[in-house]
Amino acid sequence: MGSYRFMTEWQIDAPPDAVWDQLVRPEEWPSWWKGVEKVVQLEPGDENGIGQRARYTWKSRLPYRLVFDVTLVRSERPHLLVGRATGELEGLGTWTLAERDGGTRLRYVWEVRTTRPSMNLPLPFARRIFEMNHDTVMRLGGQGLARRLNSKLTDLTSEARVAGR
């Protein structure tokens, strides 16, 4: 299986509580995050959202859709969200939020394996294409979140690597 570690950071001129309120409502992501086609809640979770499970359908410029479920396994308002993905992607996604420069610094670390056989073919260029695609999707997410909050995205950094390297 193809294993990846993606890290993206956004700096948004909005307070952490406002950013948090958007992140914990993934069923609304398609309205502001280009690339998220659909999010369907499968389980509501407890009062902190732990156990909440949703099915995500993502579409990018690449000629395929990714469908996977994410279960929220950790939630510490307004600083930390951790979800476990299963399906066409398997692994952990971790959002960390911190107040910085009058706004919010978000870090998203996505450590996943691809399970779809066609995504695991040993093509020399495939990994770089997946990495560039991820960067594009995350840039669109940062821009969309800033617009949603009537704010500005003042910084975006991204790094990808094959897991284990």
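The values are calculated or read from the model by the stated rules, or taken from the named source; none is laboratory data. Every value quoted in this text rests on a predicted model; they were computed, and no experiment measured them. Here the Cβ positions follow ideal geometry from the backbone for every residue, glycine too, while neighbour counts run over all protein chains shown. Accessible surface areas use protein heavy atoms only, side chains included; no ligands, DNA or RNA. Shrake-Rupley method; radii C 1.70, N 1.55, O 1.52, S 1.80 Å.
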ask   = Once the Cα atoms of helix 126-148 and of the chain are each reduced to a long axis, what angle between those two axes, in degrees from 0 to 90 to the nearest 10, is obtained?
value = 20
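Tell me whether the stretch 1-55 comes out rounded, prolate or oblate; compute the Cα gyration tensor, take square roots of the eigenvalues as a ≥ b ≥ c, and use a/c under 1.5 as the rounded threshold.
rounded
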remark   = If R0 = 30 Å, then Arg128 and Asn48, at their Cβ-Cβ distance, give a FRET efficiency to the nearest 0.05 of 0.20
task = Restrict the search to the stretch 31-138; then list the GluC sites (Glu not before Pro) that DSSP places in a loop and that have at most 14 other Cβ atoms within 10 Å of their Cβ.
result = Glu47
request  = For Lys152, go through the aspartates and glutamates and keep the ones whose alpha-carbon is under 19 Å away, minus same-chain ones fewer than eight residues off.
outcome  = Glu9, Asp13, Asp17, Asp21, Glu99, Asp101, Asp135
task = Would you list, by chain and number, the lysines whose Cα falls below 23 Å from the Cα of Lys59, excluding same-chain residues fewer than 8 positions away?
result = Lys34, Lys38
The chain, relative contact order in percent, only Cα pairs under 8 angstrom and at least six apart counted = 34
ask   = Could you give the accessible area per residue of the stretch 9-93, probe 1.4 Å, as a whole number in Å²?
value = 49
inquiry  = List the trypsin sites (Lys or Arg not before Pro) within the stretch 19-110 that DSSP assigns to loop and that have no more than 10 neighbouring Cβ atoms inside 10 Å.
reply    = Arg61
key: With every protein chain in place, the chain: carbon and sulfur % of accessible area (1.4 Å)   = 51
